[in-house]
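Just below is one structure, and these are the notes that go with it.
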Amino acid sequence: RLHEFLTLVRDRGEYHSDDEAEQVTAAVLWVLASRVGPQEAASLAADLPAPLDEALLLERGRPEAFGRAEFLRRVAQQTGARPRTAEWDAGAVLATLGEAVPGERVDHILARLPADCADLFGRRGGPEGGTHDGR
């Protein structure tokens, strides 16, 4: 499953290798885990192959409330990329995640994110795509 997941991320993100896809995936998942909280992160980790699950399981305490721009800024900080590249990276990883885990799990995660993050998961935004107040 790890190879399949990384191949999808690599193809979507147009990365040169599985190693690069894995580094970007870990960075995006790390930021996601800090946004959604430990329980949601652990549930999501259960659906991902090792070592991808490790980025979701690091203890960070309470979830932080931040929007799309800050999410992408943090991804850029983790990967050393520019913000526009971080958006591309986040989309490659989260759209793959949206296909790899059960739909209800993705819905649960999206309910905790701002609605404007739904497109990163390959979904349309809107009231069903998350909250509007950044929580």
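Just so it is clear, none of the values below were taken in a lab; they were calculated from the coordinates. Quick caveat, the model's predicted, so the values are computed rather than measured. Ideal geometry is used to build each Cβ from the backbone, glycine not excepted, and the neighbour counts take in all protein chains shown.
Observations on the structure shown:
- Value at 222 nm in deg cm²/dmol, rounded to 500, when DSSP H runs of n ≥ 4 in the chain each add -39,500 (n - 2.57): -18500 deg cm²/dmol
- The label point for Arg124 and the one for Arg84, both projected 7 Å from the Cα toward the Cβ, are 2.8 nm apart.
- Gyration tensor (alpha-carbon) shape descriptor, segment 45-115, a/c threshold 1.5: rounded
- Mean projected area (nm²) of the alpha-carbon convex hull when the chain is viewed from all directions: 7.0 nm²
- Computed extension gain for Ala111 through Glu70, at 0.36 nm per residue and net of the alpha carbon distance, reaches 13.0 nm.
- Contour minus Cα-Cα distance for Thr7 and Ala50 (0.36 nm per residue): 14.0 nm
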